[in-house]
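Colleague: Okay, handing you the structure first.
The values are calculated or read from the model by the stated rules, or taken from the named source; none is laboratory data. None of these values were measured; they are calculated from a predicted model. No Cβ is skipped: glycine too gets one built from the backbone with ideal geometry, and neighbour counts run over all protein chains shown.
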Amino acid sequence: MNKSKYLIIGNSVAAIAAVSGIREVDPAGSITLVAREEHHTYSRPLITYLLGGKVDEEQMLYRPADWYEKAGVNAMLGTEIASVDPEAHTVETADGATFGYEKLLIAVGGTPIVPPMDGADADGVFTFTSLDDAEAIKQYIEERGVKSAVVIGGGLIGLKSVEALLALGIDTTVVELADRMLSATFDETASQLAQKRLREAGVEVRCETTANELLSEDGHVVGAKLTDGDTIPADLVIFAVGVFPATGIVEDTAVEVDRGILVDDHMQSTAEDVYAAGDVAQARALLCGTQRCIAIFPNAYRQGAVAGRNMAGADAAWDGGLVMNSVTVVDVPTISVGVTEALGEEYEVLSELEEANYNYRKIVLDGDRIVGAVFVGEIDRAGIITGLIREQIDVSGIRDILLTDEFGLISLPADYRQRVLSGTGSE
């Protein structure tokens, strides 16, 4: 049985950050990284641009080709872990091999959700969360001459799918069960702006309905039947209804699972020497203090770095996750962070809307502190606002100028501004 001081399951941003965290503390300890995908580590947010033809596979690389070797990592790509035994400090692969560890990090991300429905097994039906997905969709489009597509789900994954299909000139319909797109990310005003921009770009947006059956001919998908009774012809269907933390490998073990793997502020699970980071981890959220799965790139990196340092013996602390999303709707940039709707009478909302120009700015305050914001179009000050949210800075002295052209770094409280400018505070 092979045994490593550090064993990492996964190969995305949380895993790579963990390697860096380990090496900051322990330059020589053996690291084995095991991942189901065969690809070198790559940037998952770029799969939209790979499918849309804007980047190639080499540009997808998240680290240089020789990174594993230089970091002293034994990378076992194309190897799937089937189960974890925390008591024995071992893991077992899908083909029966066993690996031992002193410290284990689980960074396996999430599994795309595919609702059970007739026809979902037809050719031309895909999910869209990985490089393999993007390559398979691209190949199918080329081989079948795809002209039309249905995207099931109007959240972030759905929007990224639509963006890629638009770049390829494919007629696209998106169906969303909620009353608006991006309902978990935006407030109603921002959602309506996004839908308006998509429709102007030629995308058909159908809300308050979803697919309940996929139609096929000769084994290939040809359409989607909706819950409202309509049928939409389609040469391609993409499920984009979200992901669920991939916790199956710790089932029936001492690793406690709620929605994701529950971890403390050291990113350690309830099992000794077992850590989790990224989309599979359920860690403390910054604003509410409860444990939540927040599946976004920056959180995954920070969690991985904290986990890696602690696995190597340091005492690093997770400072809490913050919901934050940045996405371009056709050519309109958007950012949302934290609480995007007033949750009670104690909340105050500041907003400005220029609908014709797709400019919308909104700030949500709880007392003298900002707890959330939405920016559509003009996003240049979003970074400053995000820093104020993360650091929970008192903005009582500047609240009247938060949405004006006067607001900027010079407006920040002096002590916080000094920390930002010196690189020791959030921006």
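Colleague: GLY154 - would you say it is modelled with pLDDT of 95 or more, of a type outside the set (Val, Ile, Thr) and assigned to a helix (DSSP H, G or I)? Steps first, please.
Modeller: Working: modelled with pLDDT of 95 or more: yes; of a type outside the set (Val, Ile, Thr): yes; assigned to a helix (DSSP H, G or I): no.
No.
Colleague: Then there is this: In the stretch 273-305, which residues are among the charged types (D, E, K, R), touching a strand residue (DSSP E or B) at 6+ places or on another chain (Cβ under 6 Å) and not in a strand (DSSP E or B)?
Modeller: ASP273, ASP279
Colleague: Based on this model, can you work out whether ARG309 counts as modelled with pLDDT of 95 or more, in a helix (DSSP H, G or I), buried (at least 19 other Cβ atoms within 10 Å of the Cβ) and out of contact with any Pro (no Cβ under 7 Å at 6 or more places or on another chain)? Explain how you work it out, then say what you get.
Modeller: Details: modelled with pLDDT of 95 or more: yes; in a helix (DSSP H, G or I): yes; buried (at least 19 other Cβ atoms within 10 Å of the Cβ): yes; out of contact with any Pro (no Cβ under 7 Å at 6 or more places or on another chain): yes.
So ARG309 passes the test.
Colleague: Yes or no: the stretch 116-135 includes at least one residue that is surrounded by fewer than 17 Cβ atoms within 10 Å (Cβ to Cβ), closer than 13 Å to PHE239 by Cα and free of Cβ contacts under 8 Å to residues at least 12 places away in the same chain.
Modeller: yes
Colleague: Here are some residues: ILE81, ILE16. Which one is buried (at least 19 other Cβ atoms within 10 Å of the Cβ), in contact with a Phe, Trp or Tyr (Cβ under 7 Å, 6 or more places away or on another chain) and at pLDDT 95 or above?
Modeller: Values: ILE81 fails: in contact with a Phe, Trp or Tyr (Cβ under 7 Å, 6 or more places away or on another chain).
When all the criteria are applied, what remains is ILE16.
Colleague: Let me ask you something else. If ILE370 satisfies every condition in (1) of a type outside the set (D, E, K, R); (2) within 27 Å of ILE8 (Cα to Cα); (3) at pLDDT 95 or above; (4) surrounded by 14 or more Cβ atoms within 10 Å (Cβ to Cβ) but one, which is the exception?
Modeller: That leaves (2) as the condition not met.
Colleague: Within the stretch 1-32, which residues are part of a strand (DSSP E or B) and under 15 Å from VAL84 (Cβ atoms)?
Modeller: LYS3, SER4, TYR6, LEU7, ILE8, ILE9, THR32
Colleague: When only residues in the stretch 25-78 that are more than 22 Å from GLN139 (Cβ to Cβ) and loosely packed, with under 14 Cβ neighbours inside 10 Å count, which is farthest from the chain's Cα centre (by Cα)?
Modeller: Per the stated criteria, the residue is ALA28.
Colleague: Same structure again: Of all residues in the stretch 33-77, how many are free of Cβ contacts under 8 Å to residues at least 40 places away in the same chain and either under 23 Å from THR127 (Cα atoms) or outside the structural domain of THR98 (by TED's automatic domain parsing) (or both)?
Modeller: Of the residues in the stretch 33-77, 9 are free of Cβ contacts under 8 Å to residues at least 40 places away in the same chain and either under 23 Å from THR127 (Cα atoms) or outside the structural domain of THR98 (by TED's automatic domain parsing) (or both).
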